[in-house]
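Reviewing the structure listed below.
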Amino acid sequence: MTRPWTLPLLFLLCGSAVAGAVLRERPGRAAAVLLLFVFLAVAHSSLVFPRSVSAEEARRLGAVDGRPIVFWRPGCRYCLRLRARLGRDAHRLHWVDIWRDPEGAAEVRAVNDGDETVPTVLLAGRPYVNPDPRWVRARLSPPE
């Protein structure tokens, strides 16, 4: 459970250390540095992603509503890129955090020759590894 928060915590700790070192000479620059590191910590956490579900629940829900499943993990810049480019449409997919769901991680390894390559999008039972966000958006069903 701590692994998803390791990178964000490192960003916060490093940002605090750098800002503290700069604080006496340039308080404005120290505040800017700290804000930058806070932004990086949030961007690399699970806070910017829709609520994750288990792989089992995602398959069950996907069978009912036909929505694609995205296997992702915090700190993955490609996952962050997909999430950012989908914008508000991100809630129209089922998101599975492979660091919190061992079954989801095993599913990703099974389709990626043993590697945990994310994002892996499962659409109609077929996996697509690191697809272009425009391609994913084009395959979403019309908004409800």
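The values are calculated or read from the model by the stated rules, or taken from the named source; none is laboratory data. If you're wondering where the values come from, they're calculated on a predicted model, not measured in any experiment. Here the Cβ is made from the backbone with ideal geometry for all residues, glycine too, and neighbour counts use every protein chain on show.
For Arg67, indicate whether it is at pLDDT 90 or above, in a loop (DSSP other than H, G, I, E, B) and surrounded by 14 or more Cβ atoms within 10 Å (Cβ to Cβ). Can you show your working first?
Working: at pLDDT 90 or above: yes; in a loop (DSSP other than H, G, I, E, B): yes; surrounded by 14 or more Cβ atoms within 10 Å (Cβ to Cβ): yes.
Spelling it out, Arg67 is indeed at pLDDT 90 or above, in a loop (DSSP other than H, G, I, E, B) and surrounded by 14 or more Cβ atoms within 10 Å (Cβ to Cβ).
So for segment 20-28 (the condition being in contact (Cβ under 8 Å) with a residue 12 or more places away in the chain and either closer than 30 Å to Arg139 by Cα or of a type outside the set (S, T, N, Q) (or both)), does at least one residue qualify?
Looking only at segment 20-28, we keep the residues that are in contact (Cβ under 8 Å) with a residue 12 or more places away in the chain, and these are none.
No, segment 20-28 contains no residue that is in contact (Cβ under 8 Å) with a residue 12 or more places away in the chain and either closer than 30 Å to Arg139 by Cα or of a type outside the set (S, T, N, Q) (or both).
Go over the candidates Ala90, Ala58, Ala84 one by one and state the one that is of a type in the set (Gly, Ala, Ser) and within 13 Å of Leu122 (Cβ to Cβ).
Numbers: Ala90 fails: within 13 Å of Leu122 (Cβ to Cβ); Ala84 fails: within 13 Å of Leu122 (Cβ to Cβ).
Only one candidate passes the filter, namely Ala58.
When segment 87-129 is examined, which residues are found to be under 12 Å from the mean Cα position of the chain (by Cα) and over 16 Å from Ser54 (Cα atoms)?
Correct list: Ala90 only.
Arg73 - would you say it is charged (D, E, K, R), in contact (Cβ under 8 Å) with a residue 24 or more places away in the chain and more than 30 Å from Leu10 (Cβ to Cβ)? Reasoning before the result, please.
Numbers: charged (D, E, K, R): yes; in contact (Cβ under 8 Å) with a residue 24 or more places away in the chain: yes; more than 30 Å from Leu10 (Cβ to Cβ): no.
It is false that Arg73 is charged (D, E, K, R), in contact (Cβ under 8 Å) with a residue 24 or more places away in the chain and more than 30 Å from Leu10 (Cβ to Cβ).
Mind listing whichever residues of segment 94-144 are hydroxyl-bearing (Ser, Thr, Tyr) and surrounded by 15 or more Cβ atoms within 10 Å (Cβ to Cβ)?
The first filter runs over segment 94-144 and keeps only residues hydroxyl-bearing (Ser, Thr, Tyr), leaving 117, 120, 128, 141.
Residues satisfying the conditions are Thr117, Thr120, Tyr128.
Within the bounds of segment 44-52, is there any residue that is touching a residue at least 40 places away in the same chain (Cβ under 8 Å), under 13 Å from the mean Cα position of the chain (by Cα), buried (at least 16 other Cβ atoms within 10 Å of the Cβ) and in a helix (DSSP H, G or I)?
Yes.
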